[in-house]
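Visitor: Sending over a structure as structure tokens; questions will come in a sec.
Here, each number is a calculation from the coordinates, and none is a lab measurement. Keep in mind that what you see is a predicted model, and the values were worked out from it rather than measured. All Cβ positions, even for glycine, are placed from backbone atoms using ideal geometry, and neighbour counts span all protein chains on display.
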2 protein chains.
Amino acid sequence: MFEVREGERRLDFDPALSAKDAGLVFIGRVASPWTRREDCPKNMAAARSLGAPAAIEIDAPYRPGLDGLERFSHVAILTWLDAAPRDLIVQKPRHAETARGTFALRSPVRPNPIGLHIARLLGVNVASGRLEIEGIDVIDGTPVVDVKPYFASTDAIADAVGGKDQR
Amino acid sequence: MFEVREGERRLDFDPALSAKDAGLVFIGRVASPWTRREDCPKNMAAARSLGAPAAIEIDAPYRPGLDGLERFSHVAILTWLDAAPRDLIVQKPRHAETARGTFALRSPVRPNPIGLHIARLLGVNVASGRLEIEGIDVIDGTPVVDVKPYFASTDAIADAVGGKDQR
């Protein structure tokens, strides 16, 4: 069972059991060098600095959707972090001194465990469905639910501030 | 019925009917000035420039999850764009000359219609569940599935290039 740490707070229902508002299809999987959670870099900045490339493997029916993505230097990848509990609304990351709201953290533990990863695109192969990326901070086999082109004009806020820790 | 334009391509199944891989809970709604799709700004850059603030209203059970978010200047909001068809894998936006893959567009039409919006945070009220933001590019009442703190270190790629159009 998942241990509740000091200051943590649970929902009185489990979104994993009541998640009927909308349904997702997995469109592919992450192929990453990380097979154990403890080896996995803690965020995308750490993943990039490791020099360990990764890939996104898109399932056959969805591959035509990659056409044109090669024009972009970066993508936003949305993953489904399915190993995480979904009912913790205030949580205390191991490194943190106090508990914090789930929506103030990038922890995979959240009502809808969708991961957001901004990655440099190294290659796109529409036929094989393979996107080569600079690195990623999730374990091998993690389901993918969306890929979007990254636009500096809307997505890059270089002077954004706040927080030091991401998990 | 949804019209198929030249060069567009459909999946031979509808993800809206087969979306059983994972389930989402709606954690709140967007409160925006836009009630008709045609009035809605086309992307977040346009939304910001309009000087029309908006809000995210988080449902009561999830409000403790906002604690600590006030330390951040920007957030990543994930919405569920539920009015969009999900089975178009190559599409021709009205402004575009040729059809393109869905994953090379920010169109709401995609297998999993999750919207990604980076917004400046103007205020956080944990008790009422209200996040005031600078603006947003979706219509009033759009369901929200996640809110994350935005980190310049992982999310801001100021020199990202590629593409001019977002829909």
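Visitor: Set Lys and Arg Cβ to +1 and Asp and Glu Cβ to -1, take the dipole of chain A about its Cα centre, and tell me which of A:Thr35, A:Ala55, A:Leu66 lies farthest positive.
Guide: Looking along the dipole axis, the top candidate is A:Thr35.
Visitor: If you place +1 on the Cβ of every Lys and Arg, -1 on the Cβ of every Asp and Glu, and leave all else neutral, what size is the dipole of segment A:1-84 about its Cα centre, to the nearest 20 Debye?
Guide: The calculated dipole for segment A:1-84 is roughly 220 debye.
Visitor: Could the peptides B:136-142, A:142-148, B:20-26, A:16-22 be put in order, highest first, of the mean number of other beta-carbon atoms found within 10 Å of their residues?
Guide: Result, highest mean first: A:142-148, B:136-142, B:20-26, A:16-22.
Visitor: Continuing with the same structure: Straight-line reach from A:Lys92: which aspartates and glutamates fall under 16 Å, measuring Cα to Cα and dropping same-chain residues less than 8 apart?
Guide: A:Glu3, A:Glu6, A:Glu8, A:Asp165, B:Asp67
Visitor: Out of the GluC sites (Glu not before Pro) in segment B:1-86, which ones are loop residues according to DSSP with at most 10 other C-beta atoms within 10 Å?
Guide: B:Glu3, B:Glu6
Visitor: Let me ask another. Starting at the first residue of segment A:135-140, write each ³J(HN,Hα) from the Karplus equation 6.51 cos²θ - 1.76 cosθ + 1.60 with θ = phi - 60°, in whole Hz, x for Gly and Pro.
Guide: x, 7, 10, 10, 7, 3
Visitor: Relative to the Cα centre, what is the charge dipole magnitude of segment B:96-167, using +1 at the beta carbon of each Lys and Arg, -1 at the beta carbon of each Asp and Glu, and rounding to the nearest 20 debye?
Guide: Dipole magnitude for segment B:96-167 comes out near 160 debye.
Visitor: Using alpha carbon coordinates only, what is the Rg to Rh ratio of segment A:77-135, with Rh defined as the Kirkwood radius?
Guide: Expressed as Rg/Rh, it is 1.14.
Visitor: Hey, can you grab everything whose amide H is under 5 Å from the amide H of B:Thr142? Only 5+ residues off in sequence or another chain; H modelled, so Pro and N-termini drop out.
Guide: Residues meeting the criterion, in which the H sits 1.01 Å from N, are B:Val30.
Visitor: Relative to the other copies, what are the label-point distances for A:Val161, with labels 7 Å from Cα along the C-beta vector, expressed in nm at one decimal and sorted shortest first?
Guide: Result for A:Val161, in nm, nearest copy first: 3.1.
Visitor: What list of ³J(HN,Hα) couplings, whole Hz, do you get for segment A:64-75 from phi and the Karplus terms 6.51, -1.76, 1.60, once you set θ to phi - 60° and write x for glycine and proline?
Guide: Ordered by residue, 3J(HN,Hα) equals x, x, 8, 4, x, 5, 5, 6, 9, 7, 9, 10 Hz.
Visitor: Relative contact order for chain B: what percent, with Cα pairs under 8 Å and sequence separation of 6 or more?
Guide: Across chain B, relative contact order equals 37 percent.
Visitor: Can you list the residues, at least 5 places off or on another chain, whose amide H is less than 5 Å from the amide H of B:Arg100, using H built in the peptide plane?
Guide: B:Gln91, B:Lys92
Visitor: Would you kindly derive the ³J(HN,Hα) couplings of segment A:145-154 from the backbone phi angles with the Karplus curve 6.51 cos²θ - 1.76 cosθ + 1.60 (θ = phi - 60°), listing them in order in whole Hz, with x for Gly and Pro?
Guide: Each residue of segment A:145-154 in turn: 10, 6, 9, 10, x, 9, 10, 4, 5, 10 Hz.
Visitor: Hand me the GluC sites (Glu not before Pro) from segment B:74-167 located in a DSSP loop with no more than 12 other Cβ atoms within 10 Å, in residue order please.
Guide: The qualifying sites are B:Glu97.
Visitor: Let me ask you something else. Please quote Rg/Rh for segment B:23-129 to two decimal places, taking the Kirkwood radius as Rh and restricting both calculations to Cα atoms.
Guide: Radius of gyration relative to Kirkwood radius: 1.00.
Visitor: If you bin every alpha carbon distance in the protein assembly as shown into 10 Å steps from zero, what whole percent lands in each bin?
Guide: 6, 27, 38, 24, 5, 0
Visitor: May I pose another question? When the expected Rg is taken as 2.2 N^0.38 Å, what fraction or multiple of it is the alpha-carbon Rg of segment B:1-72?
Guide: 1.60
Visitor: Based on Cβ point charges of +1 for Lys and Arg and -1 for Asp and Glu, what charge dipole magnitude is obtained for chain A about its Cα centre, in debye rounded to the nearest 20?
Guide: In total the dipole reaches around 220 debye.
Visitor: Mean 1/r over all different Cα pairs, inverted: what Kirkwood radius does segment B:23-64 give, in Å?
Guide: 12.1 Å
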